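The values are calculated or read from the model by the stated rules, or taken from the named source; none is laboratory data. Because the structure is a prediction, the values reported are computed rather than measured. Counting neighbours? That spans all protein chains shown, and the Cβs are built from the backbone with ideal geometry, glycine included.
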Amino acid sequence: MSEETVRGTEVIIHFDGRRCIHSRHCVLDRPDVFVPNVNGAWVHPEHITPAEVLELAHNCPSGAIQCEGMDGSALESAPQVNTVRLRENGPLAFRAPLTIDGSPQGFRLTLCRCGASTCKPFCDNSHGAAGFTASGEAATVESPPLTERAGPLAIELITDGPLHVTGNLEIVTGTGRTVDRATECWLCRCGQSKNKPFCDGSHRTAGFRSNFGAE
Ligand code: SF4
Ligand code: FES
C-alpha cells in the first residue's frame, strides 16, 4: 500500500493508500492535483492553495489525504462536533480528534464494520465483494444532548470484538439524522450484530477474528 509525501509551493500533501476507500472525491474534484492512472508522479500540490487543499481534505472521509503548510503548520482543525456517520452497506466514517489504541489518527477515519477488510481496522472496500448489507438509517435511540460535543475521541480495538469508543460522539445517519449521542459505546465491526451499529455480542458466535488482515 502506498504512502507518500509530496511538497508543492504552498502546501504539503500526505497520501496514505492503506486508508483510501476510493470514494474518488479527490480525482473528481481536483483532477489537476490528483491524476489517476498515470506512470510516475500523480499528486501535484503545486496546483493548489492552502484553502483549496483543506476543502479537498475535508471531503476525503478516510483521512487518506492529510495536508500541512510548507512550514509544517497544521491546516486542519478539529470539528466542533464529533461524529460517526453510518455509510450505507459500508464503513463507519469518523470525524473527531481521533486515536486508535492511543496512536493519533488525525480528524477523519473510515473503519471496517463488515468484518471482511484485509486491512483492519481500516475499511478497504471489501464490503462490496462481501455483499455486506447494513442500513445507513439505523433506528433512533432517545438520547439527551451532550454537555460537550467535541474533544478527544479514543477508539480501542477489542481483540476479536467491537470498537470501544470513549469521548463525546454523535452517531449520525447518511441523511444527517442523529441516531444516538454517547460518551462511551461499543460499535460492531464483525458485521453480524442484529443491533447495528452497536455490538450485541454476535462476534462470539460468529467466530470473528479481528487479526484477519493487517491490524
Ligand atoms: S478516500 Fe480520500 S484519497 Fe481515497 S479516493 Fe476518496 S477522497 Fe481520494
Ligand atoms: S463486534 Fe459485531 S456483534 Fe460485537
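Miscellaneous remarks
- Residue in segment 197-204 that is within 10 Å of ligand 2 (Cβ to nearest atom), basic (Lys, Arg) and at pLDDT 95 or above present: yes
- Screening segment 162-192 for residues that are surrounded by 18 or more Cβ atoms within 10 Å (Cβ to Cβ) and either over 23 Å from residue 78 (Cα atoms) or at pLDDT below 95 (or both) and picking the one that is nearest to ligand 1 (Cβ to nearest atom) gives 189.
- Residue list for segment 5-21, filter: surrounded by fewer than 15 Cβ atoms within 10 Å (Cβ to Cβ) and at pLDDT below 95: 17, 18
- Some residue of segment 61-80 being within 16 Å of ligand 2 (Cβ to nearest atom) and at pLDDT 95 or above: no
- Residue within segment 114-121 that is surrounded by fewer than 20 Cβ atoms within 10 Å (Cβ to Cβ), assigned to a loop (DSSP other than H, G, I, E, B) and at pLDDT 95 or above present: no
- Restricting segment 14-57 to residues that are more than 10 Å from ligand 1 (Cβ to nearest atom) and in contact with a Pro (Cβ under 9 Å, 6 or more places away or on another chain), the residue that is farthest from residue 78 (Cα to Cα) is 42.
- Residue count, segment 102-113 (criterion: part of a loop (DSSP other than H, G, I, E, B) and within 16 Å of ligand 2 (Cβ to nearest atom)): 2
- Enumerated strands (runs of 3 or more DSSP E) restricted to segment 127-215, each holding at least 3 residues that are in contact (Cβ under 8 Å) with a residue 60 or more places away in the chain and not assigned by TED's automatic domain parsing to the domain that holds residue 23: 163-172
- Residue match in segment 22-31 (condition: surrounded by 15 or more Cβ atoms within 10 Å (Cβ to Cβ) and of a type in the set (Lys, Arg)): yes
- Test result for residue 101, buried (at least 17 other Cβ atoms within 10 Å of the Cβ) and of a type in the set (Asp, Glu): no
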